[in-house]
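Take a look at the structure below.
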Amino acid sequence: MTAQRKILIIDDEPDIREVAKLSLKITKHWDIVSAGSGDEGVRIALEERPDAILLDVLMPIMNGLATLKSLKSYPETQVIPVILLTATVKKAIQEDFFYLGAQGILIKPFDPGLLGEQIESILGWTNLNMV
Amino acid sequence: MAQIANLVSAMKILLVEDDEIFIAAIATSLACQNYTVESVTDGEQGWEYAQATLYDLIVLDINLPGLDGISLCRQLRDADYKGAILLLTAQDDAHSKVIGLDSGADDYVVKPCTTEELTARIRALLRRPRETTAPILQWGTLQLNPSTCQITLADQEITLSPKEYGLLELFLRNPQRIFSNAMLLERLWGFDETPGDETIRTHIKRLRRKLKSAGAEDVIENVYGMGYRLMPPPDQLIAASAESTDAINSADRADQDSNLSTASIAVNEKVEAARAAAIATLSQFSDVIAARLATLQEAAETLQEIGALPSTLHQQAQQAAHKLVGSLGMFGLQEESNLSKKIETCLSQSSVISNPCQLCKWISQLSQNLEAVLIKVNKIPSACQIESGIRINAIFSDCLEQQMISLLVVSTSDELIRALVDIAPKTLQITQVTDLDQAQQQFVHRLAQRPPDVLLLDIVGFANMVPISSFLEKVSEAFPDLLIFILSCQNTFQVRLKLARSCQYTFLSPSVTAQHLLDKMLEKCSCYFPTHYHVLAVDDDLMVLRALEQQLSRWGIQVTALSNPEQLWNTLPQTKPDLVLLDVEMPRIRGIELCRVIRSDCQWDALPIVFLSAQSDCRTLQQVYSSGADDYITKPFEYKALATRLLNKIRRSRLVQRKLIGVSK
């Protein structure tokens with residue numbers, strides 16, 4: 001039996017949000033909340049206290065890095081693990097994020113069938129721990 | 001293209017040459033000499049082909065787009081290619097020849113050359129003894145010997161058709177690789193043959209069946225939205241599970257193994273379902289994708305016109321490409337995602353685009369591919385949408401909201417109307433008109449609202465059949481779902497035939513009481529206007545299931561999709577469908593076997609069972625019908641025709657059931 005997890009997806013692209021949501025619901029039965037911008041994401045993270053956050057790097061206005069900084073500035077959200085969702089992996093950008101405490105990177109396009117597995121493996125959420 | 005049937009006698013040659021006229025001349029000449037020839041026009045494709053198939057000789061042009069001939073030659077030798085390599089070049093100097101031969105080529109021909117000379121050199125090279133004996137390809141105890149074209153499973157020979165052989169060889173040579181239908185078509189079918197996806201599916205199914213009957217199950221798997229792939233051989237699976245259960249005693253281990261495999265099937269289903277769900281959402285985002293594509297197209301046009309990109313457009317195009325990279329792959333559009341990646345890279349390198357021609361070419365290719373996808377996607381009517389995994393069917397919810405049935409009575413008899421209104425249930429809304437013109441008005445008038453569901457046409461006293469026929473014809477054509485009842489004293493075959501030429505109807509005689517008339521109408525209505533029709537569809541192809549779900553909902557048919565035939569038995573009593581749709585060939589359990597299982601229980605005696613299949617040979621048909629099926633529909637089919645056939649089956653079966661219950665009462 002897998003525990004009910006809650007995941008927050010912050011991405012400005014509606015298709016990515018929708019597919020990630022469907023994918024995680026179908027494969028893992030997780031509870032999914034989503035936000036279309038960085039500041040909305042931070043607000044929802046404070047309200048919903050998800051178990052993990054998937055964060056897009058390139059977003060208008062408040063980009064991924066600014067969002068991550070903001071998430072890490074609140075005591076309520078700073079413990080929530082954040083995984084980056086991005087199509088480009090520039091080393092310098094990666095380092096910035098990891099310095100700020102991001103847990104891992106998922107490369108877009110992701111495979112909707114395996115997204116849940118990848119999140120679990122980055123966060124060390126194996127089924128064994130949760131039986 | 002390759003004729004696998006010739007494989008035993010023919011040597012296989014790959015031509016890598018961008019001059020298509022030259023290819024055509026050489027290929028014809030070599031084919032006449034009984035060689036099997038394949039050709040590609042660039043180096044990268046050449047590399048891919050050489051990896052997938054074992055060639056006895058590869059003819060390489062030095063000047064190739066993409067990967068050049070010399071580099072490809074080196075790459076092939078580095079990858080331990082042991083066949084012969086013949087280089088073709090326009091440069092006739094000693095230095096070029098030395099470089100060519102040093103890169104691992106066996107011979108060197110300077111263009112222009114005659115076909116005779118080239119084929120003579122090829123023959124000479126192929127005469128040389130070389131170490132081309134192909135290794136035997138193995139998958140568990142299944143062995144394929146490419147040099148003899150023999151396939152054995154635990155030393156028992158399996159006979160395959162040339163195409164099935166070709167498929168198996170391709171999968172065995174590329175154990176990790178996923179082959180899309182397009183790739184399989186390109187590899188195994190000739191340019192002049194253009195079979196559809198269905199053909200591939202059929203060949204794969206036949207191959208699976210032959211392998212299964214020989215004892216090798218689950219050799220090839222469907223990778224949803226992508227294609228087919230070789231499964232890991234059974235010994236690897238066992239090894240993997242044995243490792244994890246090493247400490248457990250053997251009895252427990254057997255138990256664990258079966259649990260593991262059930263669990264992995266369930267996981268695979270979820271993975272495939274998630275991929276399918278992603279693809280199904282594509283239509284929702286076609287506008288978003290089209291807008292991103294439009295930005296790229298604008299950039300390409302500007303680039304062609306003025307030779308440069310204004311910085312805003314450049315940035316927008318880069319963002320659009322970036323977003324396409326990130327999203328297309330999720331919908332199974334891997335090739336398009338890769339193409340977008342190339343475009344993005346090209347746009348991000350600097351403010352001045354170094355290779356505008358190449359960029360425009362990529363954008364145009366992406367446009368072509370995506371436009372085709374978007375057209376296909378938008379053709380699917382969005383009567384149903386997926387929202388948080390819940391399907392909402394507009395037509396369906398409409399029916400649920402208004403279970404009212406509207407009856408239009410065309411009659412001059414006030415008596416009849418009064419009697420009907422008196423006894424009609426509240427859900428029957430009756431409108432009366434006295435002639436055909438008024439009746440027609442009702443249909444025209446009500447176009448914006450819901451048209452009548454049922455028409456009762458009283459033709460008692462009508463002397464002229466012509467206007468009746470023409471009215472019925474028009475109305476039934478415009479409203480195919482309209483249920484028509486005709487009241488007439490002339491109960492003769494001639495009258496019935498005249499009416500039958502115009503529409504589908506139910507004949508009623510006015511001699512019966514109004515109650516009897518109403519009962520007859522309601523009986524039929526209850527079979528035609530239930531709250532919903534429910535079909536249980538079993539097919540191992542998720543794409544087929546998804547399409548059935550989407551398309552049939554337009555006719556109010558709710559589909560429960562099952563990709564695992566093993567779940568049918570438990571699903572039946574839970575869902576109590578009105579009809580079962582079965583695929584003939586499925587892995588592990590055949591549709592015919594499932595049909596027999598359903599028929600083995602008296603409870604499902606009367607349940608309509610319909611088969612869907614691409615196979616239509618007499619033997620299969622015979623097996624299908626004798627297993628207890630009611631109908632057999634050959635793929636490809638029109639969804640409208642399919643829906644009509646299914647609805648007919650369901651309605652008829654309901655009517656018969658109702659009558660049987662009536663008799664037993």
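What the table shows:
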quantity	calculated
Positions within segment A:82-94 being under 13 Å from the mean Cα position of the chain (by Cα), over 17 Å from B:G329 (Cα atoms) and within 14 Å of chain B (Cβ to nearest Cβ), in sequence order	A:L84
Pairs, first within 18 Å of B:K205 (Cβ to Cβ) in segment B:541-552, second among the aliphatic types (A, V, I, L, M) and modelled with pLDDT under 80, C-beta under 6 Å, six or more apart	B:L542/B:A276
Complete set of residues in segment B:332-376 that are outside any helix (DSSP H, G or I), in contact (Cβ under 8 Å) with a residue 24 or more places away in the chain and over 30 Å from B:N222 (Cα atoms)	B:S351, B:V352, B:I353
Enumeration of residues in segment A:1-21 that are within 22 Å of B:Q319 (Cα to Cα), of a type in the set (V, I, T) and more than 9 Å from chain B (Cβ to nearest Cβ)	A:I9, A:I10
Failed item in (1) under 12 Å from the mean Cα position of the chain (by Cα); (2) crowded, with 18+ Cβ neighbours inside 10 Å, with A:F97 passing the rest	(1)
Subset of segment B:323-343 [surrounded by fewer than 22 Cβ atoms within 10 Å (Cβ to Cβ) and either within 9 Å of chain A (Cβ to nearest Cβ) or more than 14 Å from B:Q365 (Cα to Cα) (or both)]	B:Q334, B:S337, B:K341
Conditions (1) β-branched (V, I, T); (2) buried (at least 18 other Cβ atoms within 10 Å of the Cβ); (3) at pLDDT below 80; number of the one not met by B:I70	(3)
Unmet requirement for B:Q318, which otherwise passes all of (1) within 29 Å of B:N181 (Cβ to Cβ); (2) within 11 Å of chain A (Cβ to nearest Cβ)	(1)
Number of positions in segment B:399-411 that are at pLDDT 85 or above and either of a type in the set (D, E, K, R) or under 16 Å from B:P510 (Cβ atoms) (or both)	3
Of the criteria (1) modelled with pLDDT of 60 or more; (2) within 26 Å of the chain's Cα centre (by Cα); (3) among the aromatic types (F, W, Y), which one B:F396 fails	(1)
Hits in segment B:46-84 - residues which are under 23 Å from B:L170 (Cβ atoms) and among the β-branched types (V, I, T)	B:T53, B:I58, B:V59
Only one of B:Q143, B:Q138 that is within 38 Å of the chain's Cα centre (by Cα) and at pLDDT 85 or above	B:Q143
Filter pass, A:L24 being assigned to a strand (DSSP E or B), within 14 Å of chain B (Cβ to nearest Cβ) and buried (at least 18 other Cβ atoms within 10 Å of the Cβ)	no
Restricting segment A:37-57 to residues that are farther than 9 Å from A:L8 by Cα and touching a helix residue (DSSP H, G or I) at 6+ places or on another chain (Cβ under 7 Å), the residue that is nearest to the other protein chains (Cβ to nearest Cβ)	A:D56
Selected residue (only one of B:L568, B:L581, B:L594, B:L572 is within 17 Å of the chain's Cα centre (by Cα) and among the aliphatic types (A, V, I, L, M))	B:L581
Odd one out for A:L68 among (1) within 14 Å of another protein chain (Cβ to nearest Cβ); (2) buried (at least 17 other Cβ atoms within 10 Å of the Cβ)	(1)
Which numbered condition B:V352 misses (of (1) away from chain A (no Cβ under 12 Å); (2) closer than 24 Å to A:I105 by Cα)	(2)
Search result, residues across segment B:306-315 that are assigned to a helix (DSSP H, G or I) and either facing another protein chain (nearest Cβ under 8 Å) or among the hydrophobic types (A, V, I, L, M, F, W, C) (or both)	B:I306, B:L313
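So that you can scan it fast, the table gives a plain yes or no per residue for (1) modelled with pLDDT of 80 or more; (2) more than 14 Å from chain B (Cβ to nearest Cβ):
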| site | (1), (2) |
| --- | --- |
| A:Y74 | yes, yes |
| A:I80 | yes, yes |
| A:D96 | no, yes |
| A:P109 | yes, no |
| A:I119 | yes, no |
| A:I122 | yes, yes |
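The values are calculated or read from the model by the stated rules, or taken from the named source; none is laboratory data. The shown structure was predicted, so the numbers you read here are calculated from the model rather than taken from an experiment. Cβ coordinates were reconstructed from backbone atoms using ideal geometry, including for glycine residues, and neighbour counts include every protein chain displayed.
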